[in-house]
Amino acid sequence: MTPPFGRLNDPNGIFIEDDSLHIFYQHDPAFPEGQKRTGWGHASVSTREAQVPLHHPDADYDAHGCYSGGAVKDGDDIWLFYTGNLKVDGRRIPSQNRVHASVPNHPMGGTYRKDAANPLIPDAPEGFTGHFRDPHIVRDGERWRMVLGAQTTEESGAIAVYHSDDLKSWEFTGVLEFDVTNAQPGLSPDLVPRGYMWECPNLISMLDHSDGRTYDVLVYCPQGLAQQDEHYVSSDQCGYIVGRLEGSTFHVTRGFTELDYGFEFYAPQLLSTGDDAITIGWMGLPAQDDNPTVDAEGWVHALTLPRRTTLHNGVLHQVPLFPLPDKPQTQGFGAVATATCEHDETLSLVDAATPRLSTWHAEGKLLIRRHLPTGDETRSVVCAPGEITAIADGCAVEVFSQSFALSVQIFEEWQNWTTETT
């Protein structure tokens, strides 16, 4: 999914209504020429042409942007929660607000009304800077739980937690603390990496299909991590930890693992489907907007395919949510290739007989290489040999291998993709 024009970034909330998957996303329609005015856009999988702006900043509390958030269904009501951004005398004042969504399946995209009670949370509590945003809300027993990405006054990343009985009045109930006493390591070097800011948290419960027990899964985006060998290679990171939440303490059972090992992936949204989840990520990164699509067509960035996400032995497995075509099509997916990737086997996506992307297995790792005129770039992840699937659709490519996903954009001569397996 790409925007009709302007700049797309974070997915802002997903929900299912009348068998349609609705997706909201950050959208700046004035990009790249006009004054920044970030709001939301909306589309649904069943009516993709209905990509219309949800709202733009038009109140005192969100005068400088309607930032990221999530969607909540409460009976017949659909609520969209977002962070309002206001800057006064050099100070950022973040507020948490909601919008009521009506008839989202309407051909014109639905009706959206801001709550007259906004802002529901008018500012960050003591101990936090103005970087306090991205509400994600789920049921927590008889109450609702909101988690927010935050930065402490010591300039360290954190997760703030609020609770509510009615989705309107919210009580600050603390900051997540992490107990790693019995934690097993994930694939990343740190059990709980810190960074200077945590963005876009998602905290949901999932069934582990290996042991039949329910765990809490925290997905978040720690900013400011230094690269360590093959880890934390991108400018901004995204990953998850698994454990059990008791009060405000998260007892970690498996430490941090990056959610996507490709070149561009950030700010995902997870929608709980009971035992499992649907995941959609932003195929882009902050402050990386210099893509050829800007000059050529006036838009930038994409969202990933919706992914069916399941938990196995503390590891999130991701596969495309919808069935893939057996062969390339003129509509929808541009090319799909599947191969069993062993030590000396390579799956390549080629254009005009020129490799643009290659992936293969060597020395216990799955590797993906982007071939660019300026030189090759490579990412890798620890992985046993096995089947891999590569999907190319315009400039967007996603590779799936067992429990791992890798997202990448390729812009040079990307119109006429074919697939080649060697």
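The values are calculated or read from the model by the stated rules, or taken from the named source; none is laboratory data. Just so we're clear, the structure is a prediction, and the values are computed from it rather than from any experiment. Using ideal geometry, Cβ is built from the backbone for each residue, glycine included, and neighbour counts are taken over all protein chains shown.
Scanning the stretch 246-264 for residues that are touching a strand residue (DSSP E or B) at 6+ places or on another chain (Cβ under 7 Å) and in a loop (DSSP other than H, G, I, E, B) yields Ser248, Leu259, Asp260, Tyr261, Gly262, Phe263, Glu264. Scanning for something touching a strand residue (DSSP E or B) at 6+ places or on another chain (Cβ under 6 Å) and either more than 26 Å from Glu17 (Cβ to Cβ) or not assigned by TED's automatic domain parsing to the domain that holds Val138 (or both), does the stretch 268-280 turn up at least one residue? Among the residues of the stretch 268-280, not one is touching a strand residue (DSSP E or B) at 6+ places or on another chain (Cβ under 6 Å) and either more than 26 Å from Glu17 (Cβ to Cβ) or not assigned by TED's automatic domain parsing to the domain that holds Val138 (or both), which makes the answer no. The residue that is surrounded by the most Cβ atoms within 10 Å (Cβ to Cβ), among those in the stretch 222-245 that are part of a loop (DSSP other than H, G, I, E, B) and not polar (S, T, N, Q), is Leu225. If you go through the stretch 89-112 and keep only what is part of a strand (DSSP E or B) and either at positive phi or of a type in the set (S, T, N, Q) (or both), you end up with Ser95, Gln96, Asn97, Ser102, Thr111.
Residues Leu305, Leu316: which one is assigned to a loop (DSSP other than H, G, I, E, B), in contact (Cβ under 8 Å) with a residue 12 or more places away in the chain, of a type outside the set (Phe, Trp, Tyr) and out of contact with any Gly (no Cβ under 6 Å at 6 or more places or on another chain)? Reasoning before the result, please.
Values: Leu316 fails: assigned to a loop (DSSP other than H, G, I, E, B).
Result: Leu305 is the single residue among Leu305, Leu316 that is assigned to a loop (DSSP other than H, G, I, E, B), in contact (Cβ under 8 Å) with a residue 12 or more places away in the chain, of a type outside the set (Phe, Trp, Tyr) and out of contact with any Gly (no Cβ under 6 Å at 6 or more places or on another chain).
Every condition in (1) over 21 Å from Tyr82 (Cβ atoms); (2) surrounded by 18 or more Cβ atoms within 10 Å (Cβ to Cβ) is met by Gly284 except one, and the failing one is (1).
Is one or more of the residues making up the stretch 123-136 in contact (Cβ under 8 Å) with a residue 24 or more places away in the chain, more than 21 Å from Leu86 (Cα to Cα) and surrounded by 19 or more Cβ atoms within 10 Å (Cβ to Cβ)? No, the stretch 123-136 has no match at all.
For the stretch 88-107, a residue qualifies if it is touching a strand residue (DSSP E or B) at 6+ places or on another chain (Cβ under 7 Å) and farther than 13 Å from Ile78 by Cβ, and the qualifying residues are Arg91, Arg92, Ile93, Pro94, Ser95, Gln96, Asn97, Pro107. If the condition is being within 21 Å of Glu258 (Cα to Cα) and free of Cβ contacts under 8 Å to residues at least 40 places away in the same chain, then the stretch 367-391 contributes Leu367, Arg369, Thr378, Cys383, Ala384. Among the residues of the stretch 359-388, those identified as outside any strand (DSSP E or B) and not hydroxyl-bearing (Ser, Thr, Tyr) are Glu363, Gly364, Pro373, Cys383, Ala384, Pro385. Looking at Ser380, Ser403, just one residue is over 18 Å from Thr338 (Cβ atoms) and among the small types (Gly, Ala, Ser), and that residue is Ser380.
Within the bounds of the stretch 67-88, is there any residue that is on the phi > 0 side of the Ramachandran plot and at pLDDT below 90? No, there is no match, as no residue in the stretch 67-88 is on the phi > 0 side of the Ramachandran plot and at pLDDT below 90.
Return yes or no: is Val192 surrounded by fewer than 19 Cβ atoms within 10 Å (Cβ to Cβ) and at pLDDT 95 or above? It is false that Val192 is surrounded by fewer than 19 Cβ atoms within 10 Å (Cβ to Cβ) and at pLDDT 95 or above.
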